[in-house]
Amino acid sequence: MDARQFHGRVRLIILALGGLLLSFVLVLYNLQVVNGAEYLSQSERKISNTETVEAARGEILDRYGRVLVSNRTSYQVTLDAGLMGAEESRNPNLLSLITLCRSHGVSWTDTLPISVTEPFTSTLDTLSETGQTRYKTFLDKMKWTDAAAQGPDALITAMRKFYKVDESVSAEDGRALVGVLCELRMRTLDILRTNYVFASDVDMDFISAVKENGLVGVSIKPVSVRQYNTPYAAHLLGHVGLMTAEEWAEYQEKGYSMNDTVGKDGVELAFEDYLRGTPGVRAIDLNTSGKVVSETWLTEPDPGNNLSLTLDIRLQETVERSLAERIPALPSEYTQGGSAVVMDVKSGDILAMASWPTFDLSTVYQDSATYNAALSDPLKPFYNRAAQGTYSPGSAFKMVVGTAALQEGLTTPGEKILDTGRFQYPAGQKYPYGDYHPACWIYLQYGGTHGREDMAHALKDSCNIYFYTLGDRLGIDKIDQYADMFGLGKSTGFELNEAVGQVAGPETSAKLETPWYGGDLLSAAIGQGNTLTTPLQLANYVATLVNGGNHYSAHVLQSVKSGDFSSLVYQQEPELMDTLNISSDNMETVKAGMKLLATEGSVKNYFKDLPVTVGAKTGTAQVGREDTNANAVFVCFAPYENPEIAISIVVERGGSGTELAAIAADIMSYYFNAEQALGAVEGENTLLR
C-alpha cells in the first residue's frame, strides 16, 4: 500500500468518526436543550402515597413482671398490581416471585380452592362457610360459574385466558399464577376487604433475593408480630390475627383499617382496647420503577398499653405440668380432659387457670398441620374447660347445704343424724318421695353405713343421708338461695368468656323442658341433678366460704401501664360483689369438716408433708348410669388458720375426686415453698404478692 492510499483511508476514518461525533452532539442537544425540560420532568416524576403503619401491641406480663407475650420484627411481602403494568410485564414478574418462593421454601397466600399440582381437583370443602360464600360470589362476578361447573381444568383454562397467561407457561406454574392473580382480583372487587399479604415472616436470604431481582410492585415491609415467651396459659392469653369481614363491620367504627391485626380470643381479645396502639401515617414517594425514593412520618405510631395479669406463670406451669402428668395416670380408663383454678381468696385474683389438654401458642397457629391436628383432637385442646366447662359439683356442693341449714336454724353443729343406708323418714311419718329412697355411697359400695354423724364428720365422710336430711328440711328454694349467694349458676365477673351454669330447681327444669319431681330435691342437696358449675365458680365459692363471706369477683387483669411503662393507666382493685350474711361460727363449722377430710380422711396422706394445714372436699358427680361416667371433683383451701388460696379441680370421667388430691398437693407444695418467691424475676422486677 502506497502513502497516498494510506492517507486516503485515514481521512475516511476521520470523516466517519467526525460524523459519529456530530450525531452524538445532535442527540445530546436534542435531549438536553430541545427536549431537556420534558425528560427532566419524567426522570423526576414520582408516585406519592400515604400508608397507615400499625402500632406495636402492648406486652402482656404476669403478676411479677415476667414477660409472657411481647413483639418481634417480622417481614412480609406485599404486592401492588398497579405498579406491575400490563399482563406482558406483570405475569413474568409474578412468576419470577413464585419461582423465588419455591427455591427458598417460602409459602405464599393462595386460597383458590383447586389443588396446586396435577391432576387438578377441587378443595372447596377446605374453606370455611364464609370462605365458600366469598369464592362463589367471586366466580359469579367473574362469570366463571359455568366453567367451575365443568371442573377444575375448565376453570383454570378460563382463568388463564382472562389473565392472558402465555401458553408456554406450564400447567402447575399457570395454576400458581392464576391463584395469585385471583387473590389480587378479589380485593379489587371488594370481595375480600383486607390487603393482600403475599407472604409473611420471610427471612433475610429471601429478602435479598427479591431485591436482587428488582421485581416491580413487590414490597418488603417490616411488621410487628406477637412473640410468645411461654408455652403455658394458652387458653388465657389468646392469639391475634387479621380480622374477618364480620369483625371489620364492628372494628370499622373504632377507626381500624381493614388489614389491622386484632385479638381473637383470651386476654388478646378481652383487652383489645388497651393492647392496641395508635397507628401512624407515613408519606412515601416512589419512582416510576416502583422503588421508594423518600419517606416521611406524618404521624408516628404510638405503641399499645402493657398489661400485668394476676397470673403467676411459674405457678401456672406447675398446675399445667401436674394435670398433664397425673390425669392420664388416673385409674379410670375413660378419663377425658380436666382443669384447675387457683384463686387468691382475699381478692378474687386468678393465680393460675389451666385446662388439659392444651396447646402451644407459638406453633399451633403458625402451622396448618399442627392447627388441624389440634382442631380434630377428640379431647378438644382449644376448649377452656376451667371457665367454659360446666359440671355437676357432686359432693363439693355439700358445704352450700350445710351452711344453709346451720344459718336457717335447721340443724346445729353437734346434731347427729343417723345414716340408715337409704334415706327414709322415721316410722309413723308420711314419706313424700314415693318409692324413691336414694342410698349413701358407702351403702351402695360396701353395704355399710356411717352411723350417727355431726356436720363436720358428715363432710369428712361425705355422708349422703346426712345431706339428704338437710336438703329435705331446707327445700329447694333455700338451697337455690344459698347457691346463688355463693355465686353458683351466675357470672363470676371474669373478664374473659365464661359459662354461667345453672342450679337445679323447678325453674331450671322448666327452661330445660323436663319435669321436676319431688325427689329431685334430694339429688340437688348432694350436687347432682341439673346443677352445673364451672371450675372457676367452684374456686370462687370456696374462696367466699373460707374468707369470711366476702364474695369477690374473679379477675385476671391486675394493672395497665403505658407503652413505655412510665405511667399507670388502670389498677384493678378487689371488687366485692356481696358480703354474705352468714355467721362466722357456722362457716367455721363447715370449714372444720373440710379440715377433717384433709387431716384424717381419705386424702390425708397427700397433704401430710405440707408446711400448712389444708381444708378439702371431694366430689364424684355421676353423668350417666355407669360408674365409668363419673366426673371427679376436688376443692380445697390453705392455710386453714388464715386462708390464702382456694383450688378447684375437675376431671371429666375421672372417677373419684379423691384421686385429684395429688394434683392439689403438687400445687400447694409449689405455692407454699418459700424458695419459689426468690427466683429471678424479669421485666420490672416488682414482687406484688
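Non-local amide H neighbours of GLN227 (under 5 Å, H modeled in plane, Pro and chain starts lacking H): which ones?
Hits under the 5 Å cutoff: SER70, ASN71, ARG72.
THR121's amide H: which non-local residues (gap 5+, or another chain) put their own amide H closer than 5 Å, with H modeled 1.01 Å from N in plane and none for Pro or chain starts?
Hits under the 5 Å cutoff: SER115.
Quick check on the exposure proxy: order LEU557, LEU236 from fewest to most C-beta atoms within 10 angstrom. If you can, show how the numbers build up before the last one.
On the way: LEU557 20, LEU236 26.
Ranking LEU557, LEU236 by Cβ neighbours within 10 Å, fewest first, gives LEU557, LEU236.
How would TYR425, TYR552, TYR256 line up from fewest to most surrounding beta-carbon atoms within 10 angstrom? Walk me through the numbers on the way to the answer.
Working: TYR425 13, TYR552 24, TYR256 20.
Least crowded to most crowded, the residues run TYR425, TYR256, TYR552.
Exactly which GluC sites (Glu not before Pro) in the stretch 485-587 are in a DSSP loop and have at most 10 other Cβ atoms within 10 Å?
Details: sites: GLU495, GLU498, GLU507, GLU513, GLU575; in loops: GLU495, GLU498, GLU513, GLU575.
Those that pass, being in a loop and sparsely packed, are GLU513.
For the stretch 545-603 and the stretch 179-238, write down the distance between their C-alpha centroids in whole Å.
The two parts, judged by their Cα centres, are 45 Å apart.
Of LEU351, THR137, THR589, which is farthest towards the positive pole of the chain's charge dipole, taken about the Cα centre with +1 and -1 on the beta-carbons of Lys, Arg and Asp, Glu respectively?
After comparing all options, I get THR137.
Could you grab the relative contact order for the stretch 81-216? Cα pairs under 8 Å, six or more apart, rounded to a whole percent.
Numbers: 105 pairs, mean separation 47.9, N = 136.
Once normalised by length, the contact order is 35 percent.
Given Cα pairs under 8 Å that are at least 6 residues apart, what percent is the relative contact order of the chain? Let's see the in-between values first.
Values: 1305 pairs, mean separation 106.5, N = 689.
Relative contact order, the chain: 15 percent.
Going by how many other Cβ atoms sit within 10 Å of their own, how do TYR570, TYR251 line up, fewest first? It would help to have the intermediate numbers written out before the result.
Details: TYR570 13, TYR251 16.
The most exposed by this proxy come first: TYR570, TYR251.
Go through the stretch 446-460 residue by residue and turn each phi into a ³J(HN,Hα) via Karplus (6.51, -1.76, 1.60, θ = phi - 60°); whole Hz please, and just put x for glycine and proline.
Running phi through 6.51 cos²θ - 1.76 cosθ + 1.60 with θ = phi - 60° gives 10, x, x, 9, 8, x, 8, 9, 8, 4, 4, 6, 5, 6, 4 Hz.
Could you list the trypsin sites (Lys or Arg not before Pro) in the stretch 94-177 that lie in coil according to DSSP, counting only those with at most 13 other Cβ atoms within 10 Å of their Cβ? Present the calculation step by step, with values, prior to reporting the outcome.
On the way: sites: ARG102, ARG134, LYS136, LYS141, LYS143, ARG160, LYS161, LYS164, ARG175; in loops: LYS143, LYS164.
Passing sites in the stretch 94-177 are LYS143, LYS164.
Just the number: Rg to Rh for the stretch 81-216, Cα atoms, Kirkwood Rh, two decimals. Can you show the working numbers first?
Working: Rg = 14.9 Å, Rh = 15.7 Å.
Result for the stretch 81-216 is an Rg/Rh of 0.95.
Can you give me the three principal axis dimensions of the chain from its C-alpha atoms, in Å, biggest first?
Computed over the chain, the largest-to-smallest principal extents equal 151, 60, 46 Å.
Tell me the mean residue ellipticity at 222 nm calculated for the chain from its helices only (DSSP H runs of n ≥ 4, each -39500 (n - 2.57), averaged over every residue, nearest 500). It would help to have the intermediate numbers written out before the result.
Numbers: 27 runs with 262 residues, N = 689.
Taking each H run of at least 4 residues, the total per residue is -11000 deg cm²/dmol.
First obtain the Kirkwood hydrodynamic radius of the stretch 309-375 from its Cα pairs, then insert it into the Stokes-Einstein equation at 4 °C and 1.567 mPa s, and state the resulting D in µm² per second as a whole number. If you can, show how the numbers build up before the last one.
On the way: Rh = 13.6 Å.
Approximately 95 µm²/s, per Stokes-Einstein.
Between TYR425 and GLU167, what is the label-point separation in nm under the 7 Å Cα-to-beta-carbon projection?
In this crude label model, GLU167 to TYR425 measures out at 9.8 nm.
SER392's amide H: which non-local residues (gap 5+, or another chain) put their own amide H closer than 5 Å, with H modeled 1.01 Å from N in plane and none for Pro or chain starts?
Here the answer is THR533, since their amide H atoms fall under 5 Å of that of SER392.
With respect to the cross-link table entries LYS416/LYS595; LYS141/LYS211; LYS136/LYS264, which display a Cα-Cα separation exceeding 28 Å?
On the way: LYS416/LYS595 19 Å; LYS141/LYS211 35 Å; LYS136/LYS264 26 Å.
Result: LYS141/LYS211 exceed 28 Å.
With a cut-off of at most 11 other beta carbons within 10 Å, and DSSP calling the residue loop, which GluC sites (Glu not before Pro) in the stretch 150-251 qualify? Please list them. Don't jump to the answer; show the numbers that get you there.
Details: sites: GLU167, GLU172, GLU183, GLU212, GLU246, GLU247, GLU250; in loops: GLU167.
Passing sites in the stretch 150-251 are GLU167.
Checking a compactness column here: for the stretch 533-677, what do you get for Rg(Cα) / (2.2 N^0.38 Å), N being the number of residues?
On the way: Rg = 17.5 Å, N = 145, 2.2 N^0.38 = 14.6 Å.
Computed over Cα atoms of the stretch 533-677, the ratio equals 1.20.
On a full-extension model of 0.36 nm per residue, what is the gain between LEU375 and LEU298, subtracting their alpha-carbon distance, rounded to one decimal in nm?
Working: separation 77, 0.36 × 77 = 27.72 nm, distance 4.36 nm.
Computed gain between LEU375 and LEU298 is 23.4 nm.
Bear in mind that the values in this text are calculations on the coordinates, not laboratory data. For clarity, every value in this text was computed on a predicted model and none was experimentally measured. Methodologically, a virtual Cβ is constructed for each residue, glycine included, from the backbone with ideal geometry; neighbour enumeration extends over all protein chains shown.
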